[in-house]
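Peer 1: Supplied in structure tokens, the structure appears directly below.
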Amino acid sequence: MDFSVSPRIEDFRQRIERFVAAQVLPLEADRSHYDAHDNIRPEVLEPLRARARAEGLWCLQLAPESGGQGLGKVGMAVCYEAMNRSIFGPVVFNSAAPDDGNMMVLEKVATPAQKERWLAPIVAGKVRSAFAMTEPHPGSGSDPSMMLTTARRTGDRYVIEGRKWYITGAQDAQHFILMARTSDDPRKGLSAFLFDRSAPGWRIERRIPIMGPEEHGGHCELVFDGLEIPVSDLLMTEGDGLKLTQIRLGPARLTHCMRWLGLSKRCVEIARAYAEDRFAFGERLAKRESIQMMLGDLAMQIEIGRLLVMKAAWELDRGGFARKEVSMAKVHVANVLHKAADTAIQINGARGYSKDTPLEWIYRYARQARLVDGADDVHKMVLNRNLEAEGSDFWQWPVGT
Ligand SMILES: Cc1cc2nc3c(=O)[nH]c(=O)nc-3n(C[C@H](O)[C@H](O)[C@H](O)COP(=O)(O)OP(=O)(O)OC[C@H]3O[C@@H](n4cnc5c(N)ncnc54)[C@H](O)[C@@H]3O)c2cc1C
């Protein structure tokens, strides 16, 4: 097995590392650069994005013909981790959710005309996007088969009725991917659509207040009462909604993990720096075995997460679906992020609980990781399904040629 990465990927990683250290961390350290929802203020962000673009560190996840660098998932794992050393990193490089996942799925399934209309402006950094799937009770959440939002075909249009919530970025998004029911067929009952913010027949009911910092555009509840979508803005074909969701969510979950590993490493970095400097009872904290055990354990958990992410990335790069690999990575890394923030706060004492470091930001943010894009419990249920189907083959190594 070869765990090395190519010199090209390492070059990107080093350039990102330098960019984050020199250009992003100094801004992150100054609270005046934060907006009302604890994200980077747009007027501070835009010049940074322009610089990242000028340096060729933009949309690394996409193929060159789409305006990216064609790094592949393994390369992305290396680079996304480096970006998210700063809480503001991914959005600077146009690699933050939900645009990241939306761009990747559009690149994969949209027609050339749809790419021109819907993808290119996101790649150019001119517009933001959102992915609208989750609904309030009794609609679709963990179980997409419960979807209640309908798309009724009349002539060359679909008419949308229903409600969505927790739609990340909706308040600032121009382009939306929307999931709706087109029939009662259990496998082919859902379809995916594109619509523009300016279209009539829908509204943002409210921006839902959450415990953590917010992506630009927040997390919103949307109401659809007659939105008309032309047939040309159907993604894939009618009935392919579940398929599109799987195409989008697999890689998008994994890129969450890649970023969360960067945040986890940042927690360790802040904890180590404090433990090195701080004395208590005549000894540096770093010399205490209990602190060493905490940090050693975190280092190991992060490395386990990196291996799970790399295995899934490798599987995706060689054309597999990596469903169980992504599920295992998602559960493990979401919990590692939570533990890393918690441990780092403990080691930093009162300082960890303050806003003098990003630890409290990461701690509040981390709680969502165990819910979004599939709660831990749902991924474990899916893993058990695999176990039941495969038995001991669950752990089989793929055989090379
Ligand atoms: C910050 C944030 C951002 C989000 N962004 C988006 C977005 O951009 N677009 C979008 O469409 N959605 C978004 N969501 C919604 C998110 O994807 C859903 O919250 C998630 O899929 C779970 O659905 P639910 O909240 O309806 O939970 P429910 O389906 O109501 O489940 C509640 C809990 O029940 C448990 N549970 C469910 N099923 C099982 C099972 N089979 N076995 C055992 N336990 C189970 C789990 O613990 C789960 O957390 C976002 C959510 C948050 C918090």
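Where a number appears in this text, it was derived from the coordinates with a stated rule and is not lab data. None of these values were measured; they are calculated from a predicted model. We place every Cβ from the backbone using ideal geometry, glycine too, and count neighbours over all the protein chains shown.
Peer 1: As a check on your grasp of the helix formula, calculate [θ] at 222 nm for the chain: sum -39500 (n - 2.57) over DSSP H runs of n ≥ 4, divide by the residue count, round to the nearest 500.
Peer 2: Taking each H run of at least 4 residues, the total per residue is -14500 deg cm²/dmol.
Peer 1: What FRET efficiency do you get for SER392 and ASP185 if R0 is 22 Å and r is their Cβ-Cβ distance, rounded to the nearest 0.05?
Peer 2: 0.05
Peer 1: For a quick check: sort HIS256, HIS332 by the number of other beta carbons within 10 angstrom, fewest at the front.
Peer 2: By the 10 Å Cβ count, ascending: HIS332, HIS256.
Peer 1: Projected area of the stretch 7-109, taken from the Cα convex hull and averaged over every viewing direction, in nm²?
Peer 2: 6.4 nm²
Peer 1: If amide H atoms are built 1.01 Å from N in the plane of the peptide, which residues on other chains or at least 5 residues away come under 5 Å of the amide H of TRP202?
Peer 2: Residues meeting the criterion, in which the H sits 1.01 Å from N, are ASP225.
Peer 1: Per residue of the stretch 352-359, what does 6.51 cos²θ - 1.76 cosθ + 1.60 with θ = phi - 60° give for ³J(HN,Hα)? Whole Hz please, x for Gly and Pro, Karplus curve as stated.
Peer 2: x, 8, 7, 9, 6, 10, x, 4
Peer 1: Which of PHE93, PHE88 has the fewest other C-beta atoms within 10 Å, and how do the rest follow up to the most?
Peer 2: PHE88, PHE93
Peer 1: What are the ³J(HN,Hα) values, in whole Hz, obtained from phi via the Karplus relation 6.51 cos²θ - 1.76 cosθ + 1.60 with θ = phi - 60°, for each residue of the stretch 122-130 in sequence order, with x given for Gly and Pro?
Peer 2: Computed from phi, the couplings for the stretch 122-130 are 6, 4, 6, x, 7, 9, 10, 9, 9 Hz.
Peer 1: Mind checking which lysines have their Cα closer than 28 Å to the Cα of LYS73? Skip sequence neighbours fewer than 8 apart in that chain.
Peer 2: LYS108, LYS115, LYS126, LYS243, LYS265, LYS311, LYS324, LYS330, LYS339, LYS380
Peer 1: Follow-up. Starting from the 7 Å offset along Cα-to-Cβ, what nm value, one decimal, do you get for the label separation of SER232 and PHE281?
Peer 2: So the two model labels end up 7.3 nm from each other.
Peer 1: What are the ³J(HN,Hα) couplings of the stretch 142-153, residue after residue, when phi is run through the Karplus curve with 6.51, -1.76, 1.60 and θ = phi - 60°? Round to Hz, x for glycine and proline.
Peer 2: Once θ is set to phi - 60°, the couplings for the stretch 142-153 become 4, 10, x, 5, 8, 4, 10, 5, 10, 10, 9, 7 Hz.
Peer 1: When a/c is below 1.5 the answer is rounded, else prolate if a/b is larger than b/c, else oblate, so apply that to the chain with a ≥ b ≥ c taken from the square roots of the Cα gyration tensor eigenvalues.
Peer 2: prolate
Peer 1: If you don't mind, there's one more thing I want to ask. Would you give the gap between the C-alpha center of the stretch 356-397 and the C-alpha center of the stretch 206-220, rounded to a whole Å?
Peer 2: 22 Å
Peer 1: So, R0 is 35 Å and r is the distance between the beta-carbons of ARG318 and ASP196; what FRET efficiency does that work out to, to 0.05?
Peer 2: Calculated transfer efficiency: 0.45.
Peer 1: So how far apart, in nm, are the two label points at ASN384 and MET1 if each is 7 Å from Cα heading toward Cβ?
Peer 2: With each label point 7 Å from Cα toward Cβ, the separation is 2.7 nm.
Peer 1: Taking a point 7 angstrom from the Cα of VAL223 along the C-beta vector, which residues in the stretch 121-154 have backbone N less than 20 Å away?
Peer 2: Taking a point 7 Å out along Cα→Cβ of VAL223, the residues of the stretch 121-154 whose backbone N falls under 20 Å are 132-140, 148-152.
Peer 1: Let me ask you something else. How high is the relative contact order of the chain, given as a whole-number percent (alpha carbon pairs under 8 Å, six or more residues apart)?
Peer 2: Over the chain, the number comes to 14 percent.
Peer 1: Okay, next question. Against the longest alpha carbon principal axis of the chain, how many degrees, from 0 to 90 and to the nearest 10, is the axis of helix 7-19 turned?
Peer 2: 80 degrees
Peer 1: Taking the Cα centre of the stretch 79-132 as the origin, how large is its charge dipole in debye, to the nearest 20, when only Lys and Arg (+1) and Asp and Glu (-1) carry charge on their Cβ atoms?
Peer 2: So the dipole magnitude of the stretch 79-132 works out to roughly 140 debye.
Peer 1: Taking the Cβ-Cβ separation of SER354 and ASP377 as r and a Förster radius of 30 Å, what is the calculated FRET efficiency to the nearest 0.05?
Peer 2: Working from the Cβ atoms, E equals 0.35.
Peer 1: Report the full-extension gain for the segment ARG41 to GLU205: residue separation times 0.36 nm, less the Cα-Cα distance, to one decimal in nm.
Peer 2: 56.6 nm
Peer 1: Tell me which residues come under 5 Å, amide H to amide H, from TRP165 once H is placed; ignore anything under 5 positions away on its chain.
Peer 2: When sequence neighbours closer than 5 places are left aside, the close amide H contacts are THR134, GLU135, LEU222.
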